1. Go through (1) within 16 Å of ligand 1 (Cβ to nearest atom); (2) under 27 Å from R15 (Cβ atoms) and name the single condition V91 misses.
2. Please work out which one of (1) within 16 Å of ligand 2 (Cβ to nearest atom); (2) farther than 19 Å from E108 by Cα is the condition H192 fails and give its number.
3. Of everything in the range 195-242 that's away from ligand 2 (no atom under 16 Å from the Cβ), among the small types (G, A, S) and assigned to a loop (DSSP other than H, G, I, E, B), which residue is nearest to A132 (Cα to Cα)?
4. Which of the residues that make up the range 26-45 are more than 25 Å from V231 (Cβ to Cβ) and in contact with a strand residue (DSSP E or B) (Cβ under 6 Å, 6 or more places away or on another chain)?
5. Based on what the data block shows, is G89 of a type outside the set (K, R), closer than 30 Å to P60 by Cβ and touching a residue at least 60 places away in the same chain (Cβ under 8 Å)?
6. Exactly one condition in (1) part of a loop (DSSP other than H, G, I, E, B); (2) farther than 28 Å from L217 by Cβ; (3) of a type in the set (A, V, I, L, M, F, W, C); (4) touching a residue at least 40 places away in the same chain (Cβ under 8 Å) is not met by V107; state its number.
7. When you check N78 against the structure, is it part of a loop (DSSP other than H, G, I, E, B) and away from ligand 2 (no atom under 16 Å from the Cβ), yes or no?
8. Give all pairs with beta carbons closer than 8 Å in which a residue from the range 120-145 that is within 9 Å of V107 (Cβ to Cβ) meets a residue that is part of a loop (DSSP other than H, G, I, E, B) and not hydroxyl-bearing (S, T, Y); count only pairs at least 6 apart in sequence or on separate chains.
Amino acid sequence: MKEIIKLDNIKRDFRVGDETVHALRGVSFTIHEGEFVTIMGTSGSGKSTLLNTLGCLDTPTSGEYYLDGVSVRTMGKNARATLRNRKIGFVFQSYNLLPKTTAVENVELPLMYNPNYSAAKRKEKAVNALIAVGLGDRLEHKSNQMSGGQMQRVAIARALVNDPAVILADEATGNLDTRTSFEILVLFQKLHAEGRTIIFVTHNPEISGYSSRNITLRDGHVTSDMVNTNVLDAAEVLARLPKNDD
Ligand SMILES: Nc1ncnc2c1ncn2[C@@H]1O[C@H](COP(=O)(O)OP(=O)(O)O)[C@@H](O)[C@H]1O
Ligand SMILES: [Mg+2]
C-alpha cells in the first residue's frame, strides 16, 4: 500500500517565557493508505501538536514530514495551504461549522478554493458527501437547527468533499453522548471500510478498539505502536445501546 504519511524524527518545541516546552521529542512513523489509526495519550502528551503538524497547521522545530510523497518542510506557505486544502480533511471536537449556514453551504466551503469547480459541481459534490454521511434529508438545515451528532456529520461531509488523502479527527466524539459517539464511530468505520485513511486523536482508550492501529504518545514520545488484530464493530455495540429517547 501507498505511504500517505511519513514522519521522521519530528520535534516541536514551544518557548514559554524563558522555558522551553518539548511537545514532540522525536516522533517517527509511517501510515499507509487505508489505515484507521487512533492516536492516544493523556492530556499534554502532544496529541494536538502532532495532529496540527500532520494537518500542516503547525511547523515542526526539526524533522521531516512527507504527505502523500511531498516534503512539507520545504514548501512555501501558499503551497502548503493548497496541499492542506486538497489532501486533508479535518474534523474537530467543536464541529467548526459556520452558524446560520446550511449543511450544503458548509460542505461546499473547501471547494471554494478550487477554481476547477463550477457552482453546480460544488453543490453536486456537497450533496453527495452529505448523502454519504446519512444527511440526505437535512441538506438545507442550518447549523443551529441541528443536533451535535448531525453537526458532526456535516463536519465529516465537509472533510470528505475534496476526496482527501487523509482524514484527521481531533477528539471528534468528545462533545457527544455515548449513543451519538457510537453513531459517529459507525460512520468512521464505514469510511474506513470504503478505503479511507483516518487518523483519530483521542484521550479515550475505548475508541482504540474500533481502529486498525493504535499509537500511544507520552510526554512527546511514541511509547507504543500496535496493529489491532481484533477490531470491534461499532454497529454491533450501537444496536445494544438504549435509544436516546427511551
Ligand atoms: N502553542 C503552545 N505554546 C506553548 N506550549 C504549548 C503550545 N501548544 C502546546 N503546548 C504544550 O505542549 C504540550 C503538548 O500539548 P498538546 O499537544 O496540546 O497535548 P494534548 O493534545 O495531548 O493534550 C503541553 O505541555 C502543552 O502545554
Ligand atoms: Mg489536545
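1. The single condition V91 does not satisfy is (2).
2. (1)
3. Filtering the range 195-242 for residues that are away from ligand 2 (no atom under 16 Å from the Cβ), among the small types (G, A, S) and assigned to a loop (DSSP other than H, G, I, E, B), the one nearest to A132 (Cα to Cα) comes out as G195.
4. The one that is more than 25 Å from V231 (Cβ to Cβ) and in contact with a strand residue (DSSP E or B) (Cβ under 6 Å, 6 or more places away or on another chain): G26.
5. Yes; evaluated as a whole, the condition is true for this residue.
6. (1)
7. Details: part of a loop (DSSP other than H, G, I, E, B): no; away from ligand 2 (no atom under 16 Å from the Cβ): yes.
So N78 fails the test.
8. Final answer for the pair search is K125/V161; A126/V161; V127/G136; V127/L139; A129/V161; L130/G136; L130/R138; L130/L139.
Just so you know, all these numbers are worked out from the coordinates, no wet-lab data involved. Note that the coordinates shown come from a computational prediction; the quantities given were computed from them, not determined experimentally. So basically every Cβ, Gly included, is an ideal-geometry build from the backbone, and we count neighbours across all protein chains shown.
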